[in-house]
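The values are calculated or read from the model by the stated rules, or taken from the named source; none is laboratory data. Keep in mind that what you see is a predicted model, and the values were worked out from it rather than measured. All Cβ positions, glycine included, derive from the backbone under ideal geometry; neighbour counts span all protein chains shown.
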Amino acid sequence: MQTYSTPTRDETKDAMKDYASSKSPHLGSDTRFTDVASKAASDVAAKAAQSARTLMDEGKAYANEGLQWVNEYTRTTPMRSLGIAAAVGLVIGMLISRR
């Protein structure tokens, strides 16, 4: 499983400096700092959104694997699964009734 991190303050500053440099093809000669900051923030937000989508997809895949395992286990050992479900229900019922 991959780990993802949000951009640091220094990475954000570096991105803003890159956009503000005269070598940047994204900017004209009379670009204001607010435009540069807005573009840098948009890029950071896009990167964060992509990371979130990737994490969400990995989470869905992991949950589906777990669901398949539960389905297979329930089909191969139905009485044991029924006993486990009854025990869990009993414990939850006892916890709720204590209030």
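Quick look at the values:
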| read-out | value |
| --- | --- |
| Residue within segment 44-52 that is surrounded by fewer than 10 Cβ atoms within 10 Å (Cβ to Cβ) and not polar (S, T, N, Q) present | no |
| Subset of segment 6-52 that is more than 29 Å from the chain's Cα centre (by Cα) and of a type in the set (A, V, I, L, M) - its residue that is modelled with the highest pLDDT | ALA20 |
